[in-house]
Amino acid sequence: MNSQAIALPVQRATAMRGLFLVFTALVLLLAQTMIAQARESMADLAEQISPSVVNITTTTTIAAATDNQPTLPDGSPFEDFFKNFRDRQPQGEGNQRRPRRSQALGSGFVISEDGYIITNNHVIEGSDEILIEFFSGKELPATIVGTDPTTDIAVLKVESEEPLPFVSFGDSDIMRVGDWVMAVGNPLGQGFSVSAGIVSARNRALSGSYDDFIQTDAAINRGNSGGPLFNMDGDVVGVNTAILSPNGGSIGIGFSMASNVVSRVVDQLQEFGETRRGWLGVRIQDVDADVADAIGLQEAAGALVTDVPDGPAMEAGILAGDVILSFDGQDVSDTRELVRIVGYSDIGKAVRVVVFRDGETQTVLVTLGRREKVDKVVPASVPGPADDPVEEEIFGLTISEMNDELREQLGLKTSASGLVVKDVAEDSKAFEKGLRAGDVITEAGQQKVASIAALQERIEVATEAGRKSLLLLVRRGGDPRFVALAIQ
C-alpha cells in the first residue's frame, strides 16, 4: 500500500473531526444564545402575573394615653412651663390625648377569582382596617378569613363584582438550587415592583417548628412581605416572609415560605378559619453518633423520645428512649422532619409508627390528637425518693443521690428521684456535652436510676455489651434530654 492510499483515510478522519467540532460549537453557541435571550427579558412573565399581585395597606388605631406628664412640686419654676405645654396639646374627652392611627404596607396575591388573598400574618396582625390595591388601581376593603402565626400566613377576602385575576400554587418541592425565580410586591411602599434571582438554598429553618423556607437572592425589601415568589411558569412557589440584613435592606438573602407548606395552611384556614395540625404527644431530640452507639442503632437517624406525657403516644405505648424511625410510611431523618410530618397529618388518623426499642424495631398504632388543643405539657415526676445520699465522681461528674435538701434547692417535687450533678469537671466530655451542676440524671441505659449503685450497674451492663458509651436521661428545669457519655 502506497503513502497516498494511507493518507486519504487520515485526511477524511481529520475533516470529519473538524466538522464535528464546528457542529458542536454551533450547537453551544445556539444554546447560549437561547439562554441569553431567555434571561434577557422576563417581561412576558411579569405582564402575565402582575394583575394577581396586590398592595396591602393596614390601619391600626392606637389607644389614647392618659396624661402622664411629669408631676412637679408646687412652686416649681417649671410648673407654668409644663402647664402651658400640656394645654397646647390636642386633647379629647376626659383630658386624654386623642387616639392616633398608624398605617403599614405589605404585599399579597389573589388565589381565586372570587377574592381570596394570601399575605403574611405580620402584615395584617392587629389591624382595624385592611385595604387592597390591585394592579389596575382599583381598591377594595378586605376581611380576615383566618391566620396562622406559626407559619406567618394569613388569608383575606374581598368582595368584587367582577372575577379577579389569580395565580395558582406550584410544587415547591421540585425547585432546585439555581432555578430562576421572580419576586413581586410593594417594596418600601414604592408600588408594584418586580425583582428576579435564583433559588440560593432549600429547606431553610428560621425559628418555627414548621419552617420550610426557600432562600433567594431576588431582591426582597420591607413591603415585599406577603408577596409571591414565582417560578418561570408563573406558579407561586413561595410567600416572601423575611430577609437577613444588617441594615434592613436587601443584601441578597431573602426567605420565602415554601408553597407546599402554605397551600396546606391555606386550605385549613379557608375551610375552618384556623389550623388543625396533628399531635403525637412526645418530646424528642435528634440522634447523634454517640447516642446511636449507646443504644445499638446502626445509623444516627430518627427522633429520640425523651418524654411521653399524657396523650396519643402514651396511649399507644410509645416509651421514653424509643427512637422513631418511620411515621405513617415515611422515613424520619431527624426531629424537624418528624414535627412537620405529624403536623401535616389529619387529626384522628390512625398511623403506624416504627420505633427502635431494646435493639429491635416495633410498630405501634397511634391515633393522632390536635396540636392546637394541647396546653403546655408538664413532665410527670419520677417516683422513688432516696435516703442517706452518697456522692461519687463518675464521667467527670460529681454525683449525689437525691435527698430532701437537694429537692428543695432545685425546686423539685417531693417525689422526685434520680442522681443530682453537683459539679462538672471542665476538661471532661460531660462538660463538652453540656452537663452542668444542678442537672438531674433520671435514667442510664434506658433504665431508671436512683442510686450510685444503680448507675454503676448500668455502666457494667453497657461495658459487657460492648457499648462505647452510655445513654443518660438528664432533666434540667423539668426539660428532659438524652446525653451519650463515653465509658471510661
Kindly indicate whether any position in the range 233-244 is part of a loop (DSSP other than H, G, I, E, B) and farther than 21 Å from Ser41 by Cα.
-> yes
Number of the exception - Ile341 against (1) surrounded by fewer than 22 Cβ atoms within 10 Å (Cβ to Cβ); (2) in a strand (DSSP E or B) = (2)
Among the numbered conditions (1) among the hydrophobic types (A, V, I, L, M, F, W, C); (2) without any contact (Cβ under 8 Å) to a residue 24 or more places away in the chain; (3) surrounded by 15 or more Cβ atoms within 10 Å (Cβ to Cβ), tell me where Val461 comes up short.
-> (3)
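Quick grid of which residues meet (1) hydroxyl-bearing (Ser, Thr, Tyr); (2) part of a loop (DSSP other than H, G, I, E, B); (3) out of contact with any strand residue (DSSP E or B) (no Cβ under 6 Å at 6 or more places or on another chain):
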{"site": "Glu457", "(1), (2), (3)": "no, no, yes"}
{"site": "Thr463", "(1), (2), (3)": "yes, no, yes"}
{"site": "Leu472", "(1), (2), (3)": "no, no, no"}
{"site": "Val483", "(1), (2), (3)": "no, no, no"}
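So that you can scan it fast, the table gives a plain yes or no per residue for (1) in contact (Cβ under 8 Å) with a residue 24 or more places away in the chain; (2) under 28 Å from Lys138 (Cα atoms); (3) part of a strand (DSSP E or B); (4) touching a strand residue (DSSP E or B) at 6+ places or on another chain (Cβ under 6 Å):
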site: Met182; (1), (2), (3), (4): yes, yes, yes, yes
site: Gly191; (1), (2), (3), (4): yes, yes, no, no
site: Ser209; (1), (2), (3), (4): yes, no, no, no
site: Arg222; (1), (2), (3), (4): yes, yes, no, no
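Mind listing whichever residues of the range 170-182 are surrounded by 15 or more Cβ atoms within 10 Å (Cβ to Cβ) and either among the acidic types (Asp, Glu) or farther than 16 Å from Arg204 by Cβ (or both)? I'd like the intermediate steps shown before the answer.
In the first step, residues of the range 170-182 are kept if they are surrounded by 15 or more Cβ atoms within 10 Å (Cβ to Cβ); the result is 170, 172, 175, 179-182.
Within the range 170-182, Gly170, Asp179, Trp180, Met182 qualify.
Considering only the range 252-268, how many residues are within 19 Å of the chain's Cα centre (by Cα) and assigned to a helix (DSSP H, G or I)?
Filtering the range 252-268 for residues within 19 Å of the chain's Cα centre (by Cα) gives 253-266, 268.
After this cut, where a residue has to be assigned to a helix (DSSP H, G or I) as well, the list is 259-266, 268.
Final tally of qualifying residues: 9.
Any read-out appearing in this document is the output of simple, stated calculations on the displayed coordinates, not a laboratory observation. Since the structure is predicted, the reported quantities are computational estimates derived from the model, not experimental observations. Glycine also receives a Cβ, built like all others from the backbone with ideal geometry; neighbour counts cover every protein chain displayed.
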